[in-house]
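Read the structure below first, then the notes.
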Amino acid sequence: MNTSLMLFSPVITTTISTFPFPKTHHNTTSLQSSRKQHQGRIHSTSKFGNFLDLKPKYKSEALDFDLPWHHPSDRSQFDVIIIGAGPAGICLAEQVSLYGIKVCCVDPNPLSIWPNNYGVWFDEFEGLGLEDCLDKTWPMASIYIDDNNTKYLDRCYGRVNKKKLKEKLVKGCVFNGVRFYKAKVCEIKHHEFESIVVCDDGTNLKGSLVVDASGYGSNFIDYDDLTLTKRNYGYQIAYGVLAEVDAHPFDLDKVVLMDWRDSHLRDGNSSEVPTFMYAMPFTSNLIFLEETSLVSRPALSHKEVKRRMVARLRHLGIKMKSVLEDEKGLIPMGGSLPKIPQNVIAFGGNSGLVHPSTGYLMARTMTLAPIVASSINECLGSTKMIRGKDLYAKEIWNSMWPIESRVAREYYTFGMETLLKLDLNETRQFFEAFFELKPYYMKGFLSSSLTLNDIVWLSMSLFVHSSNSSRMAIVKKCPMLFAEMVANICRELIR
């Protein structure tokens, strides 16, 4: 669902790029109201079925674009050096350079199309002025709670055209004077008034301020360890394919955000880590299908996810003729925020911006980019020289993570920890209640835009809409989690 994104905007780590998706959909095929119940725990999946042996037809590509490169012979100093040319890095580079700030973006492959595929809510991208970077939209979304219970959301959903989005952001960078350097960063040396970024080709880049937007697993960011208990990541894992099929049972005007049905498993299999299917139907014969574990700890194996996907597709009667793209997605969720102060600014996936309960990242990162850029401009000042760690902590960090957002993150993390405690039936009951919420609360939760007052009302409404058994499950399994959340919120309020 990569990216992300993944509760309702899954992070899809595929290499889908330029396949000509159709713009309109008028198929009215609907799912059969009942399906034959299969016996046996999971259908035989030796070799995971034939489709896993199919080789993807399309490979990743790069932009055909003339970038303004930085030459090692140029010894001039940059105001800001941004590590990473992913969505976070390129978007921030474009926004910072609007202020006339001298920016260099460093990446091993600055022109490569991002390997992740993104699904987003149309209204969020429209608000960012990026609706022209969507190559496919669905006017509605469907959620299959079980065989007899389906929810529908009247909210438009879209697939991001990665090539269009990167071209648009890169063009903005070029117009604003951003320089690019093709290399991997090996080390960062900090001095009183400058930092030196050491590249794997031996080049040293000098800058007043360094931003790490290279994603998860960065070696240049230290993380806070002062929470009540050690923060462990939850992991969202997925396997999916863009495939040509003989037929499929999904409506072409609806994206399938979640299909929690387990008819392909015996007895519901509720004791295991639950998984669901996410589907983007493009035509009656072209569809993206992804089996996803919303959150697990430790991460569910890709082998197990594939096995479940094969069983589900066999049960749905979906036969693949060819695979155009495939994916393996892994998203760390929750965990600690970066330690403040420190000399390198984290932005994007390594800054804690991934929604702990859903996996959402892209829209929020792009919403915050101009805010963080404005704060960087203020910190650099007219001398274009960063004025110490304290200003970074108070201004740039607080622009990204104001106190209300940090407190809200504790609530979202509590949501993730709660989901980790629930089995399949309890997870279904949770989402049945969630999709009964008013659209304002549902949308705000997914977009990390709720105020603290909103969060209180959402919690009360969710509890009211929950079944008695769902309430009992949360009360029995989550009291310690709730106490930890309250303690961490108090810590955020006083630090």
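The values are calculated or read from the model by the stated rules, or taken from the named source; none is laboratory data. Quantities reported herein were computed from a predicted structural model and do not represent experimental measurements. Neighbour counts are summed over all protein chains in view; Cβ atoms, including those assigned to glycine, are modelled from backbone coordinates with ideal geometry.
Just one of GLY352, GLY381, GLY359, GLY329 is surrounded by fewer than 18 Cβ atoms within 10 Å (Cβ to Cβ) and either out of contact with any helix residue (DSSP H, G or I) (no Cβ under 6 Å at 6 or more places or on another chain) or more than 30 Å from PHE445 (Cβ to Cβ) (or both); which is it? Talk me through it step by step, then tell me what you get.
Numbers: GLY352 fails: surrounded by fewer than 18 Cβ atoms within 10 Å (Cβ to Cβ); GLY359 fails: surrounded by fewer than 18 Cβ atoms within 10 Å (Cβ to Cβ); GLY329 fails: surrounded by fewer than 18 Cβ atoms within 10 Å (Cβ to Cβ).
Every option except GLY381 fails the conditions.
Looking at segment 421-466 only, could you name the residues that are part of a loop (DSSP other than H, G, I, E, B) and surrounded by 14 or more Cβ atoms within 10 Å (Cβ to Cβ)? Spell out the reasoning first.
Step one: filter segment 421-466 for residues part of a loop (DSSP other than H, G, I, E, B), giving 422-423, 435-438, 448-451, 466.
Listed by number, the residues that qualify are LEU422, ASP423, PHE435, GLU436, LEU437, SER448, SER449, LEU450, SER466.
Name the residue, out of LYS163, LYS206, LYS151, LYS171, that is within 25 Å of the chain's Cα centre (by Cα) and in a strand (DSSP E or B).
After applying the criteria, what remains is LYS151.
Going by what's in this entry, would CYS104 be described as modelled with pLDDT of 95 or more, within 20 Å of the chain's Cα centre (by Cα) and not assigned by TED's automatic domain parsing to the domain that holds HIS315? Quick ask: steps written out before the conclusion?
Numbers: modelled with pLDDT of 95 or more: yes; within 20 Å of the chain's Cα centre (by Cα): no; not assigned by TED's automatic domain parsing to the domain that holds HIS315: yes.
Against the criterion (modelled with pLDDT of 95 or more, within 20 Å of the chain's Cα centre (by Cα) and not assigned by TED's automatic domain parsing to the domain that holds HIS315), CYS104 does not qualify.
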